[in-house]
Amino acid sequence: MKQVFIEIIMETKGQGLYNFTDKTLDWVNKQKINNGILNINVLHTSASLVIQENADPDVLYDLKNFFDKLAPMDNKLYKHTTEGKDDMPAHIKSALTNNQITLSIKDKKLKLGTWQGLYLFEHRLEKHTRILSHHLMGS
Amino acid sequence: MKQVFIEIIMETKGQGLYNFTDKTLDWVNKQKINNGILNINVLHTSASLVIQENADPDVLYDLKNFFDKLAPMDNKLYKHTTEGKDDMPAHIKSALTNNQITLSIKDKKLKLGTWQGLYLFEHRLEKHTRILSHHLMGS
Amino acid sequence: MKQVFIEIIMETKGQGLYNFTDKTLDWVNKQKINNGILNINVLHTSASLVIQENADPDVLYDLKNFFDKLAPMDNKLYKHTTEGKDDMPAHIKSALTNNQITLSIKDKKLKLGTWQGLYLFEHRLEKHTRILSHHLMGS
């Protein structure tokens, strides 16, 4: 059983969903591991991870829009306002989605459905540098 | 350390929560693994996974109803409407719940609470064939 | 590859977020495992787990408040009311957040961001005893 780690860095340019499937696959494919568990953690509380449809970009638009309506950027709604109107909604959206995803690798292939892509969901308005910790354990 | 895989197939008959705890347990119990990690992924973006109460069916009714009100099947709310009025709400409900669950096995027993059951949450109105990837790593 | 387990018990005093990062770290640090996967499961369906900001307590206040408004304690909204007005909202909040978190350990350090803390999110009004199953697999 081997263990390998990498931190994949994503530079985000404001709110939205950023597909990182290829970055993950590129790294996984280089490892000499046929079967194993891949654990991905975003090391932040105002961005999150989702597995979503990789076909129609309208799905990503609607997702962003839905979460904006659910947790509006309105300082009157929150006590935590010192980091900007987008910060508390970002924490809420992060709690509603995921900080981490665990995937399986079988016969050198990541177990994902045909229409599934891995997305970093940036909830802040300004650009940010986000760290995606990747940890693969297998043989 | 051993690794075993199975794809458990669920045939859904429209929206609702489908308990698959027994299917998972049946398979896990046949493996010669005393302690390990079980990773379950649903390979779709319009169905999801939740761990919920396995006692009162009213809980399942209320869950379905809550998510329907939160993400209504109303094409006027979304840009992505080509796959039917239930598709974009399905993606949203999937993002709000989980695509995957990681569980522990100790002394041949799956670590679940007394009232916890494993559910596939089907968000589409029509019947679907859903794949639940199971991956057990242990010894 | 070694596997170790512990059940960490949390006594909650009603609704709110309880930081258990130190309890997890105390236990992880005692194990002779440099690199590995830590799987944490809450064995209940009316409490859940979130990774959230550990700096400003107002964030925790706003989170609790947001989820209370999203899934109100109002028996008229639900069929499942026999366990009290807080029980069905608790199941909903549990489905919207997480039952489990999987983390990575690298070079004896838990991979968490600077501002990330591990929280038990108690959704019931009365005090409860909550079990957090911890399972560490590594070498």
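Observations on the model:
- Being within 20 Å of the chain's Cα centre (by Cα) and of a type in the set (Lys, Arg) is a property that residue A:64 has.
- Pick from the range A:111-121, criterion surrounded by 17 or more Cβ atoms within 10 Å (Cβ to Cβ) and either out of contact with any Asp or Glu (no Cβ under 8 Å at 6 or more places or on another chain) or on the phi > 0 side of the Ramachandran plot (or both), ranking: farthest from the other protein chains (Cβ to nearest Cβ): A:120
To keep it simple, each residue is scored yes or no on (1) within 14 Å of chain C (Cβ to nearest Cβ); (2) in a helix (DSSP H, G or I); (3) touching a residue at least 24 places away in the same chain (Cβ under 8 Å).
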position	(1), (2), (3)
B:69	yes, yes, no
B:72	no, no, no
B:76	no, yes, no
B:80	no, no, no
B:84	no, no, yes
B:91	no, yes, yes
B:95	yes, yes, no
B:101	yes, no, yes
B:105	yes, no, yes
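- Filter pass, residue A:35 being modelled with pLDDT of 95 or more and farther than 28 Å from residue C:60 by Cα: yes
- The single condition among (1) open to solvent by less than 10 Å² (accessible area, probe 1.4 Å); (2) at the interface with chain B (Cβ under 10 Å from one of its Cβ atoms) that residue A:61 does not satisfy is (1).
- Matching option when the condition is more than 30 Å from residue B:5 (Cα to Cα) and among the β-branched types (Val, Ile, Thr), among A:92, A:101: A:92
- All positions within the range C:122-139 that are more than 9 Å from every other protein chain (Cβ to nearest Cβ) and either within 19 Å of residue C:95 (Cβ to Cβ) or surrounded by fewer than 22 Cβ atoms within 10 Å (Cβ to Cβ) (or both): C:122, C:123, C:124, C:125, C:126, C:127, C:128, C:129, C:130, C:132
- Qualifying residues in the range C:45-55 (those that are at pLDDT 95 or above and assigned to a loop (DSSP other than H, G, I, E, B)) - the one surrounded by the fewest Cβ atoms within 10 Å (Cβ to Cβ): C:46
- Residue list for the range C:17-44, filter: under 11 Å from the mean Cα position of the chain (by Cα) and open to solvent by 10 Å² or more (accessible area, probe 1.4 Å): C:17, C:18, C:19, C:21, C:43, C:44
- Scanning the range C:87-110 for residues that are more than 13 Å from the chain's Cα centre (by Cα) and open to solvent by 10 Å² or more (accessible area, probe 1.4 Å) turns up C:106, C:107, C:108, C:109, C:110.
The values are calculated or read from the model by the stated rules, or taken from the named source; none is laboratory data. It should be emphasised that the depicted structure is a prediction, and the values quoted were computed from it without experimental measurement. Quick reminder, even Gly has a Cβ in these numbers, built from the backbone with ideal geometry, and neighbours come from all protein chains shown. Ligands, DNA and RNA are stripped out before the accessible areas are found, and what is left, the full protein with its side chains, is counted by its heavy atoms. Shrake-Rupley method; radii C 1.70, N 1.55, O 1.52, S 1.80 Å.
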